[in-house]
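Single-structure report; data block below.
The values are calculated or read from the model by the stated rules, or taken from the named source; none is laboratory data. Owing to the predicted nature of the structure, the values given are computational and were not obtained by experimental measurement. Every residue, glycine among them, receives a Cβ derived from its backbone with ideal geometry; neighbour counts consider all protein chains shown. Accessible surface areas use protein heavy atoms only, side chains included; no ligands, DNA or RNA. Shrake-Rupley method; radii C 1.70, N 1.55, O 1.52, S 1.80 Å.
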Amino acid sequence: MTVPHGRANGVRELPQLVPSRVCLQCDVCCRFPERSSFLRPFFTAEEIAGAVAAGLEPRHFPDASGGQIELIPHPAGEGFICPAFDPATSHCLIYDERPFDCRLYPLTLMWDRHHEQVLLGWDTKCPFLRDSLPATIRAHAEQVTACLEDETHGERALRYSGLIGPFQEDVEPLWPLPRATARLVKPWARDGFRFLTMNERGRFEVAVRATSWIDSALPLAAFGFAYHACWLSLLPLWWKEEAGLLYLVAESPDGLFLAVPPLGPGDVRSGFDQAFALMKKYNGTSAAARVENVPDSLVAGCRDRGYHVTPKGSDYLYRTQDLVALAGDAYKSQRAAFNRYEREHGAPLVPYLDTDRDACAALFCEWRAQKSGHDRDPFGEMLLADAESAHRRALDRPEELGLEGAVVRIHGKLRAYTFGYWLNPSVFCVLFEVADRTIPGLAQYVFREFCRQAGGRGATLINTMDDSGLPTLARSKRAYHPHRELPNFIVTDVR
């Protein structure tokens, strides 16, 4: 909306093109068909503080360090709206504190198809621009470009990569922004690395299948795409293929590391050497360089080449038939809990639907509060805080991640959800499980039933990943008597 200009949160005011009278009559902006729309406005940390000071509730910003705002259901229609938007008047309730992302519209910033250049484009969904002359749009875009490429103002505005959206077919590209690109494209992109997106799932899975040193009967959970892609909001990942190997590099605050050993039919020994050379090039003196999730089959070869190998938390692997039967004294407590749930509630585990997303997100917050009050483990608290964004990604995009989900509703209220993925046709991995801790036996029911359903589709083994170094989680996993604990290692170069 182009009503009177407010201050721009430290960024020079951008020129405006769309008249206020047009914006106030428009039914496009600030409204979204789905809650998880990637078109939601992005707020920097400073803009979040300004919006909260202007009256928005902090709960609308799941990440106070910067991120997209949480939408709310439209109070008088379908879909969702920005919580700062008043649908009765079409006014923004925080207009003077609106974020740079909103000030820029109907121009928009996006990556090109290959995530290599930042582009400035105009959104063809804007009714005003659809009827505007190309010369008018171009003249306006040139003024905006001058602001974005300005050394002082543009650099400050574009220091958040989250402001740059994915390539959109309905945005008409105008031209690249070389200064923004230089700031946001990582130096290792010059070595051929590309930012990981959901589109690379097939590529990753093909590389895993072509990797001879992965034990197909006993694969680590890390050889599933969802294991890594769920965490993209916290841990950016980059990939490239070279000499028959796929490299998956994680960008941590301390430096680069390999999330898994080089995958594919190529020579993994030379792959390790190439990977450490790259990390040394970009990490400097940081000790972050390492290869994580190395299976036992590669340990001897790594040591022979002079690399240092240390254990990481093992994956827990179970026979599906054991988890379904819960037979004998070894499973007495789990069986009793399961039977109590069925006797007192009996609500079934049913497939997850997109419409369950909001209820699942709300349940996660309840569950996190329940665990925080019970466990009081600072490290566990930190893991729970980090896990929220991973759960949200799973809830938003299960099919793209290759996830299967299920939920339990008791008296119409969602009280549990779980997600997992197939490592191969006979091994199923349970990724997330959230159950209301005030309902006795619910967690035991969800786990057993999810495993039973996987078993009905061919899973003979269930992988529940590692215990994250949490003693309570380790006790819980061992109480189910794993068939094996799969060794997992970290390799570093001390040569």
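In region 259-283, the residues that are farther than 14 Å from residue 307 by Cα form Cβ pairs under 6 Å with partners that are assigned to a helix (DSSP H, G or I) and modelled with pLDDT under 95, at six or more places apart or across chains, as follows: 282/188. In region 423-434, what count of residues is obtained for those that are open to solvent by 10 Å² or more (accessible area, probe 1.4 Å), in contact (Cβ under 8 Å) with a residue 60 or more places away in the chain and assigned to a strand (DSSP E or B)? The total comes to 3.
A quick yes/no check of all residues on (1) touching a Phe, Trp or Tyr at 6+ places or on another chain (Cβ under 8 Å); (2) at pLDDT below 85:
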residue	(1), (2)
46	no, no
54	no, no
74	yes, no
77	no, yes
96	no, no
105	no, no
121	no, no
124	no, no
130	no, yes
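Kindly evaluate residue 446 against the criterion of being under 23 Å from residue 214 (Cα atoms) and either open to solvent by less than 40 Å² (accessible area, probe 1.4 Å) or in contact with a Pro (Cβ under 8 Å, 6 or more places away or on another chain) (or both). When the stated conditions are applied, residue 446 does not pass them. Cβ-Cβ contacts under 8 Å between residues 6 or more apart (or on different chains), taken from a first residue in region 340-362 that is in a helix (DSSP H, G or I) to a second residue that is exposed (fewer than 14 other Cβ atoms within 10 Å of the Cβ), are listed as 359/413. Somewhere in region 364-385, is a residue under 16 Å from the mean Cα position of the chain (by Cα), closer than 19 Å to residue 464 by Cβ, modelled with pLDDT under 90 and assigned to a helix (DSSP H, G or I)? Checking region 364-385: at least one residue is under 16 Å from the mean Cα position of the chain (by Cα), closer than 19 Å to residue 464 by Cβ, modelled with pLDDT under 90 and assigned to a helix (DSSP H, G or I). A Cβ distance below 8 Å, combined with a sequence gap of six or more or placement on separate chains, defines the contacts here; from region 55-74, residues that are more than 15 Å from residue 85 (Cβ to Cβ) and without any contact (Cβ under 8 Å) to a residue 40 or more places away in the chain reach residues that are open to solvent by less than 40 Å² (accessible area, probe 1.4 Å) and part of a loop (DSSP other than H, G, I, E, B) in the pairs 59/70; 61/69; 61/70.
Residues that are in a loop (DSSP other than H, G, I, E, B) and open to solvent by 30 Å² or more (accessible area, probe 1.4 Å) occur in region 78-87; there is at least one. Taken over region 449-495, the criterion of being open to solvent by 50 Å² or more (accessible area, probe 1.4 Å), hydroxyl-bearing (Ser, Thr, Tyr) and under 25 Å from residue 385 (Cα atoms) is satisfied by 468, 472, 476.
In region 283-290, the condition of being touching a helix residue (DSSP H, G or I) at 6+ places or on another chain (Cβ under 8 Å) and under 25 Å from residue 199 (Cβ atoms) is met by no residue. In summary, residue 14 fulfils each of the numbered conditions (1) at pLDDT 80 or above; (2) of a type in the set (A, V, I, L, M, F, W, C); (3) out of contact with any Ser or Thr (no Cβ under 8 Å at 6 or more places or on another chain) with the single exception of condition (1).
Looking only at residues of region 306-333 that are touching a strand residue (DSSP E or B) at 6+ places or on another chain (Cβ under 7 Å) and small (Gly, Ala, Ser), we find that the one that is surrounded by the most Cβ atoms within 10 Å (Cβ to Cβ) is 314. The residues of region 196-231 that are over 28 Å from residue 418 (Cα atoms) and surrounded by 18 or more Cβ atoms within 10 Å (Cβ to Cβ) amount to a single one, 211. Counting only residues that are open to solvent by 50 Å² or more (accessible area, probe 1.4 Å) and at pLDDT 95 or above, how many does region 244-256 have? Final tally of qualifying residues: 0.
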